[in-house]
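One structure is given here, and the rest of the page talks about it.
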Amino acid sequence: MKRTSILIILGLTMGSLLSCSGGSKETKAEDSEPSIIDKVSETAGVKNLSSLEDKVKDMEKVIKELKSQTPVSNEVLKAVLPESLAGMKRKEFAVGDASVLKIKSAKAKYEDVDERKKLKLEILDGAGETASAMFSMVFMALKMDREKETDTGFEKVVDFKDGRAVIKQKKDDNNVESEIEWLFKDRFIIKLEGDGFTYEELMGIANNLNLSNLGNNR
């Protein structure tokens, strides 16, 4: 992405903010607060804009490599799905093309005996034209420092293993649901969802997953 494109996006964002701010009222120069443009300029600045450009360039390099790569086989994906996870047996699994778009993926579901706790593991291979586009969205999301909190839960980007991960948690009086999503070897999107697990428990399970077979592209 060229610097001009980034500036255009920034300009459109500021325009949207201005249209929502009721900026039609006139105020005396000495009494007015800093304008939204001033605030955006101060927060974004040349340094942050350059940082964004660097992140986009990193993404473009990774995506270019992914587009030229061949997706892994079903056998490789299947080998990554353990027969048991966190002491729970695997109830079902599926591997292969996720859709007519030929995106290679794998998923497995795990449940305890009384079905009070559940896990779902999903893996998507970012190799290929379409899958690499999906990978790019997760790649950029993990580059941003962001956090969201509600009355029932939260979502934020945290350090995880040698990279970053998005973690989510939603809790009520009777249950807790968590999710963690991260990238493996700048190619695979890994997502683990837990019903009945806190985000700390889920991160521990994710940290112990054996993904070494994904390095075997056959």
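Structure data summary
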item	result
Count of residues meeting criterion [of a type outside the set (A, V, I, L, M, F, W, C) and part of a strand (DSSP E or B)] in the range 90-127	15
Residue list for the range 161-195, filter: in contact with a strand residue (DSSP E or B) (Cβ under 8 Å, 6 or more places away or on another chain), open to solvent by 20 Å² or more (accessible area, probe 1.4 Å) and closer than 25 Å to GLU65 by Cα	LYS161, GLY163, ARG164, GLU181, LEU183, PHE184, ARG187, LYS191
Residue in the range 148-155 that is assigned to a strand (DSSP E or B), out of contact with any Gly (no Cβ under 6 Å at 6 or more places or on another chain), aromatic (Phe, Trp, Tyr) and within 28 Å of LYS61 (Cβ to Cβ) present	no
Filter result (loosely packed, with under 12 Cβ neighbours inside 10 Å and touching a residue at least 24 places away in the same chain (Cβ under 8 Å)) within the range 64-119	THR70, GLU75, SER84, GLY87, ARG116
Qualifying residues in the range 146-160 (those that are open to solvent by 100 Å² or more (accessible area, probe 1.4 Å) and over 15 Å from the mean Cα position of the chain (by Cα)) - the one nearest to ASN207 (Cα to Cα)	GLU149
Members of the range 69-87 found to be part of a loop (DSSP other than H, G, I, E, B) and more than 18 Å from PHE184 (Cα to Cα), listed by number	GLU83, ALA86, GLY87
Filtered residues of the range 119-142 (kept if hydroxyl-bearing (Ser, Thr, Tyr) and within 18 Å of ASP58 (Cα to Cα))	SER132, SER136
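The values are calculated or read from the model by the stated rules, or taken from the named source; none is laboratory data. These numbers come from a predicted model, not from an experiment. Cβ sites come from the backbone with ideal geometry, for glycine too, and all protein chains shown count toward neighbours. Note: areas computed on protein heavy atoms with side chains; ligands, DNA, RNA excluded. Shrake-Rupley method; radii C 1.70, N 1.55, O 1.52, S 1.80 Å.
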